[in-house]
Structures are given as C-alpha cells and as structure tokens.
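Q: Handing you this structure, nothing more for now.
The values are calculated or read from the model by the stated rules, or taken from the named source; none is laboratory data. For clarity, every value in this text was computed on a predicted model and none was experimentally measured. In this analysis, Cβ positions are derived from the backbone assuming ideal geometry, glycine residues included, and neighbour counts consider all displayed protein chains.
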C-alpha cells in the first residue's frame, strides 16, 4: 500500500469513527495523517495497521493490549545498568536508525545519513540532505547495512512541494553516493526497500510493481508487477516474498503469499486465503497474517479476528480465532501487542492463544489541550538470550518484560531533554551486542541493562 492510499484509508477510518468525546478538536483527521507522513507510527507493522499506533481516546488498534490475563509476579526487579554513552545528534527531527558492525546509522530531515561510532558514541561522519524541509519530510525506517553500504532515503526532488523519495546506496567508508533509485511515493517503511540474497527489492517508480536492484550498481535485475491488490514486501531466509491483499471491494476477495525467485523474479504462489488480510510478521519459516472475523469494515475496528499462519515450506494454512487483531513484533513464537496506555498482551504465534498481559509502567504524557492524544512507547525489541522484551518511552524511561510471563525484570532511565509532547510519535530501540541502542528525538544512547534472573 502506497503512502497516498494509506492516507485515504486513515481518513476513511477516522471519518467513520465517532470519538467518545464530542468535543474532539476540528481537523483531527488531517493532523493525524500529517503526523503519519512525517513519521512511521508503528515501526514494525508495515501495513495499514500502522494507524494502530495512534492513541486518542478509544484506540484504533482494536484494544488488543487490554487483555484480562495477568503476568506472573516477578520476585524482584533489577534497576542495574551501565550507560556506555549518550550523544546529542546534530540537527533536529531524527526519524530512523539502524545498527551495523561497530556503528549506529541514522537519518533525519537534515541528514540523509549519519554514522556514529558504537564504542564511543562520537559522530564519525554525516551526509547532509539537500534543501531539507522540516515540516514535510516523511520518515519510517532504514533498509539496513550490508557489505560497507548503508541503504537510506532522500528526497527525489529536494525543495519541491512534491519531492518524492529516492532509495540511496551510500558507501560507508567514503560517504559517496553509489546510486539512487526513485520510488513511486513517499513511503519509507520497512516494506519500501528490502535486502535479500543477491540484491535489494524496492518499490518501482510506478505503483503496484517492485524491482530487484543490484546492491552495488543499482542496475535493475528484474521486475514484478501485479493488479488489484496491495502488497507488503519482506525477505525470509534471504528470499523475497509478497503478502498481497485486495485493494478494493471490486478486486477478487482473496489474499496471497507469493515467493519471488531471487535470480529471476518468477512468482510462485505459496498460499491463498479468502478475504482481506493484514501482514503481521514472520515466525521462523511461517508468515503470519490477520483477517477480520466479526464483520468489521476496517482493520482498525474492534472485534474478533483470525490469526492466519502460512507455512512457507508446505503452503499449509492454519487459522485461529482471536479476540482482537494481534499486530506487533514477533519473537520466538510470541506476538507482542502494545495497546492503550502502555498495556502489552502476548499471543502465541502458533495458536493465537493469549499468553499473558501486563503494564509497561512507562510515563506516556498526554498532549496539552487534547487529552485524546498521547505519546507512544517504542516497539518491543527482544533479547532472546535473556528472554526479555525491552521498551523505551519518550521520557527516557526503559522497561524489560519477561518474554514468557510478562513479569517486569528490569527498569532503567536515561536523562533526555524535556520536550513538547509529540503524540503519535514513538522513540526507537535496537539491540546491539550485549545491550541496547535507543533514540529519543535528537538523543542517541547505548545502555547495557542487567535484568533480574527468573526465579531469583
């Protein structure tokens, strides 16, 4: 789904939604759409349910985080940690970061790329953006780093009212731009450009089409197009896949999971599912989709849903009824869903069974003058060695929940400058080595948490 389509869906959902507060401010639809264009609201979702990250009164995310399950109590909560460094990045409005060997890379309104030494926190190099517009530059995620190349985004026509977006391959050593590729729109989410074995799968300059690019030269290797569907892209085991859902009521009402041959782009339909679906993520060699099961008009509507699991090896499809659509990061067979006010619910990626529910206990401020809008925590990042899911709040507060029980095993905090409430905007948290790298606004830090051991 491209950015303009997503904007229309957001507007449709919000115009259909009647807030509990009849005094909701005028223009809330355009304000939320504007926020989405500046920043990806839920970094791991990559679908229309990115809207789920918006919190205003009744959450659009179906309230899946409001389960009545209770986590097992922790015998103790550690507050031990080691802050290795904290850096104030140059410029303002930093949108996305990623980690590589010995470095952290970020992009923002003023810089298409910046490299930070992961050992010291010092800014090693920076690539300035041309004629950046702080009120208009969209954001999302960074495709990643491979073989000394950072894949990032930049305005296609810097300074223009409709600047568009380029995928940019930036040499890390010399900071030279190796090549650029124009995308069809301003979407810069995790699906816009995907690294696979042998190339980069990117949006084409036209809609409903992808192109595989040579990762060193940017030359097209092959293209693939489709009709009457919106498709999310990912790479699983180094192989590109499409998860496609009908784009209108007039399209055939079925969804597909399609494997694209890495060398030729030849498609192979792995599985077909009746009705519209939303891509949730992957669990090992399986793709997880969500479908509406209660007659809802939109994915954001409350009601029952189907958790659909597609085995990529056999094509076997299994469906499990759940009380709400479980959209969130997937880690070792568990889907972590953050709902209203920082509640978290864990679902089994195998059966859809609710495993536990709990509170993050993070400070999430409401927007002054508009109590229906509040800050968001980061998406969860999971350290499988310690089996802890970590979250970061805009206030600099951090928490670690036990992946298996939901019990709080660690709390920490990093001092960050006081800033106005940016409702609907989440900080970013990443695993690095034995710890975490976090980004809150213009603050970047590296911290090593020491969670309490289970059973201690």
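Q: For region 192-204, which residues satisfy the criterion of being touching a residue at least 24 places away in the same chain (Cβ under 8 Å), surrounded by fewer than 23 Cβ atoms within 10 Å (Cβ to Cβ) and outside any strand (DSSP E or B)?
A: 197, 198
Q: Could I ask something else about it? Condition first: surrounded by 16 or more Cβ atoms within 10 Å (Cβ to Cβ) and at positive phi. Now tell me which residues in region 334-355 satisfy that.
A: Scanning region 334-355 gives 342, 352.
Q: Still on this structure, please answer the following. Hey, can you tell me all the residues within region 383-409 that are within 20 Å of the chain's Cα centre (by Cα) and surrounded by fewer than 19 Cβ atoms within 10 Å (Cβ to Cβ)?
A: Passing the criteria: 383, 384.
Q: Still on this structure, I have one more. Within the set of pairs 6+ apart or on separate chains, which have a first residue in region 410-430 that is on the phi > 0 side of the Ramachandran plot and crowded, with 22+ Cβ neighbours inside 10 Å, a second that is modelled with pLDDT under 95 and in a loop (DSSP other than H, G, I, E, B), and C-beta atoms under 8 Å apart?
A: What qualifies is 424/39; 424/41; 424/54; 424/55; 424/376.
Q: Let me ask something else. Select from region 217-230 the residues that are within 26 Å of the chain's Cα centre (by Cα) and surrounded by 14 or more Cβ atoms within 10 Å (Cβ to Cβ) and write down the one among them that is farthest from residue 278 (Cα to Cα).
A: Ranking the qualifying residues of region 217-230, first place goes to 218.
Q: Only strands (runs of 3 or more DSSP E) wholly contained in region 237-325 count here; list those with 1 or more residues that are surrounded by fewer than 17 Cβ atoms within 10 Å (Cβ to Cβ) and more than 24 Å from the chain's Cα centre (by Cα).
A: Passing ranges, in order: 254-260, 267-274, 317-322.
Q: I'd like to check something: does region 133-145 contain any residue that is part of a loop (DSSP other than H, G, I, E, B), on the phi > 0 side of the Ramachandran plot, touching a strand residue (DSSP E or B) at 6+ places or on another chain (Cβ under 6 Å) and modelled with pLDDT of 90 or more?
A: Within region 133-145 (the criterion being part of a loop (DSSP other than H, G, I, E, B), on the phi > 0 side of the Ramachandran plot, touching a strand residue (DSSP E or B) at 6+ places or on another chain (Cβ under 6 Å) and modelled with pLDDT of 90 or more), the answer is no, since none of the residues qualifies.
Q: If a residue counts only when it is at pLDDT 95 or above, which strands (runs of 3 or more DSSP E) contained entirely in region 327-445 have at least 3 such residues?
A: Ranges flagged: 334-338, 343-348, 354-359, 381-383, 388-392, 397-402, 408-413, 428-432, 435-440.
Q: While we're looking at this one, here's another question. Being crowded, with 23+ Cβ neighbours inside 10 Å and farther than 25 Å from residue 157 by Cα is the filter here; which residues of region 105-135 pass it?
A: Scanning region 105-135 gives a single hit, 116.
Q: I'd like to know if region 382-392 contains one or more residues that are more than 20 Å from residue 80 (Cβ to Cβ) and touching a strand residue (DSSP E or B) at 6+ places or on another chain (Cβ under 9 Å).
A: Within region 382-392, one or more residues are more than 20 Å from residue 80 (Cβ to Cβ) and touching a strand residue (DSSP E or B) at 6+ places or on another chain (Cβ under 9 Å).
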